[in-house]
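Below you'll find the structure, written out as structure tokens, and then a few comments.
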Amino acid sequence: MEKFRKMLIYLIIIILAFYLAPFLIIDTGSGMFILLIAIPIICLIVSLIYGMKNSFNWLFSLFVMLLFIPTIFIFYNDSAAIYILAYGIISVIGNFIGSLLFEKNQ
């Protein structure tokens, strides 16, 4: 429970990105920008900061993946399902790099 509490603020930022960014989609170009650039950058930065503060945790990346699933049905279509894996991988990479920096600071 304590680990989840440490994750909560970072997951809230991810939730805001996943559920508020789609409202900025105007056309196909802006949709692609949000799905391919904006959300991945947010995932990477938040995961990096989480890893720096709390070390590596697979659950964080799993939660990132699970949090994106409902957005497919709310904002996108089935073709966006590939982004579940993509955002999970980006989160793992950011979390891992952040944990390396965490170990150097210890």
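Taken together, the values in this text are just the output of simple stated rules run on the coordinates, not laboratory data. Nothing here was measured: the structure is a model prediction, and the numbers come from that model. Quick reminder, even Gly has a Cβ in these numbers, built from the backbone with ideal geometry, and neighbours come from all protein chains shown.
Can you say whether Ile89 is touching a residue at least 40 places away in the same chain (Cβ under 8 Å) and assigned to a helix (DSSP H, G or I), as far as the supplied structure shows?
Numbers: touching a residue at least 40 places away in the same chain (Cβ under 8 Å): no; assigned to a helix (DSSP H, G or I): yes.
When the stated conditions are applied, Ile89 does not pass them.
Restricting the search to the stretch 31-48, which residues are within 17 Å of Leu101 (Cα to Cα) and crowded, with 17+ Cβ neighbours inside 10 Å? Leu44, Val46, Ser47, Leu48 - these are the residues of the stretch 31-48 that are within 17 Å of Leu101 (Cα to Cα) and crowded, with 17+ Cβ neighbours inside 10 Å. Do we have Phe18 as assigned to a helix (DSSP H, G or I), closer than 14 Å to Ala86 by Cα, touching a Ser or Thr at 6+ places or on another chain (Cβ under 7 Å) and not polar (S, T, N, Q) here? Yes: the conditions hold for Phe18. Of the residues making up the stretch 58-73, those that are surrounded by fewer than 17 Cβ atoms within 10 Å (Cβ to Cβ) and over 14 Å from Ala17 (Cβ atoms) are Trp58, Leu59, Leu62, Leu66, Ile69, Ile72, Phe73. Could we say that Leu20 is under 24 Å from Leu101 (Cβ atoms) and not acidic (Asp, Glu) here? The answer is no for Leu20. If you check Leu24 against the conditions, is it in contact with a Ser or Thr (Cβ under 9 Å, 6 or more places away or on another chain), hydrophobic (A, V, I, L, M, F, W, C) and more than 19 Å from Tyr10 (Cα to Cα)? Answer is yes for this residue.
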